Amino acid sequence: MSHSKERHEKICLNCNAELHGRYCHVCGQENIEPKETVWTLVSHFFYDITHFDGKFFSTTKYLITRPGFLPKEYIEGRRARYLHPIRMYVFSSALFFLTFYSLFHFNLDPDKDDKEDIENNINIIPIPLDSIRSKILAEAKGRHDSVVIEDTTLGGAKPYRYTPKSHPGDTALKAGTVQKADTVQRSATVQKTATAPVKKKKKNRYNFNVTGPDKKYSSIQQYDSVQKTLPAGERDNWLQKLAKHREIELNARYKDDQKAMWNDLFEKLIHTFPYLLFVSLPLYAFYLKLLYWRRKQFLYVTHGIFLIYLYIFTFIDLLVYFGLNKIHESMEWDWMGWIEGVVLLYGIYYAYKAMRKFYGQGRGKTILKFFILNTFAFWSIIFLFTAFFLFAVFKF
């Protein structure tokens, strides 16, 4: 109830019904003066915010600490003191996916991966051959030594031969110089050979199409005209035709840039996750209806209410896990991994406990039905993920 002044007229301004109190019994509008001051608007703003926050935090407290309590309260009609499950689902899911998309990025960057592979697998620091030759020349003790160094480090070098005119000390220097230059060339060759597979991986990592490797058609019109010339038995069916049309469109749009294509595809796919969860909810409610088909008091909508509260808790549990994970990565505290594991395990235990409290069955039956429900849910998620992936392929 607001603190605005009540009107003396007992006619509803919204539906013209005769009033018998502060609120209209037909439409529910409050019978207050339509003119409001700035202070009244500010008061309404803060009242609505604090009222929402109060309900949200009290509802969250019961949601986390008492599994299965809130859906049971809802179906028994005790709802005024708690935030409505639909409003709470919309708020918590929006907060979850906003945090999820802010923390995790799925852009495919093969160049970055290749650089990391080179740094992790190759410990040879490339040193310019010119700088090594200059350093060795500075240590030469004679003109003849300098000529030998120039020959052996420039590649097409003349083989070293001992001449009687050379000094014995020069001979040792020449042998050491040749050996050192040969080691430098050998290291450069090893480094070049070691990096070759990485470069090949970089070139071929995205060297495939979504629907097939055939690129002989430059346009859909060309493909359709070729199909018309073929006998009826050799033409592609409707599914192959649809896939081929999409392949030609993608090749024309991205100019065979597979990296950019997959980046856009995965960007589209991860932004369908909220819809995937929304579709999975009525499907899981159907599974619960089958598992508890003898319990006639639990309607299909009742199972949906139970799952809505379970989804809300899952959002909150994963948000806590993400926060702990970021603290773990930034502070490098290994013991934080144990807390993250406890948070995830509590989420599994919570789902089991909520089923047992809400449906009121024993431990053995609940564990069995919990296992069956999660098995169905696992295969359903794979099916839905595949379906949404195909949808993303044809819509991004």
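So which of 20, 51, 105, 25 is modelled with pLDDT under 90 and in contact with a Leu (Cβ under 9 Å, 6 or more places away or on another chain)?
Step by step, each of 20, 51, 105, 25 is checked, and only 25 is modelled with pLDDT under 90 and in contact with a Leu (Cβ under 9 Å, 6 or more places away or on another chain).
Only one residue in 389, 383 is hydrophobic (A, V, I, L, M, F, W, C), in a helix (DSSP H, G or I) and modelled with pLDDT of 90 or more, so which one is that?
Every option except 383 fails the conditions.
Regarding the stretch 311-326, can at least one residue be identified that is loosely packed, with under 12 Cβ neighbours inside 10 Å and aromatic (Phe, Trp, Tyr)?
Scanning the stretch 311-326, I find no residue that is loosely packed, with under 12 Cβ neighbours inside 10 Å and aromatic (Phe, Trp, Tyr), so the answer is no.
Can you tell which of 298, 315, 273 is in contact (Cβ under 8 Å) with a residue 24 or more places away in the chain and over 17 Å from the mean Cα position of the chain (by Cα)?
Result of the check over 298, 315, 273: 298.
Identify the residue in the stretch 362-396 that is in contact (Cβ under 8 Å) with a residue 60 or more places away in the chain and basic (Lys, Arg) and, among all such residues, is nearest to residue 242 (Cα to Cα).
Result: 395.
With the requirement that a residue be aliphatic (A, V, I, L, M), without any contact (Cβ under 8 Å) to a residue 12 or more places away in the chain and in a helix (DSSP H, G or I), what does the stretch 66-94 give you?
Within the stretch 66-94, 90, 94 meet the criteria.
Do you know which residues across the stretch 276-295 are in contact (Cβ under 8 Å) with a residue 24 or more places away in the chain and assigned to a helix (DSSP H, G or I)?
Listed by number, the residues that qualify are 276, 277, 279, 280, 281, 283, 284, 287, 288, 291.
All but one of (1) in a helix (DSSP H, G or I); (2) surrounded by 17 or more Cβ atoms within 10 Å (Cβ to Cβ) hold for residue 298; state the number of the condition that does not hold.
It is condition (1) that residue 298 fails.
The values are calculated or read from the model by the stated rules, or taken from the named source; none is laboratory data. Computed from a prediction, not measured in an experiment: that's the story for all the values here. Cβ sites come from the backbone with ideal geometry, for glycine too, and all protein chains shown count toward neighbours.
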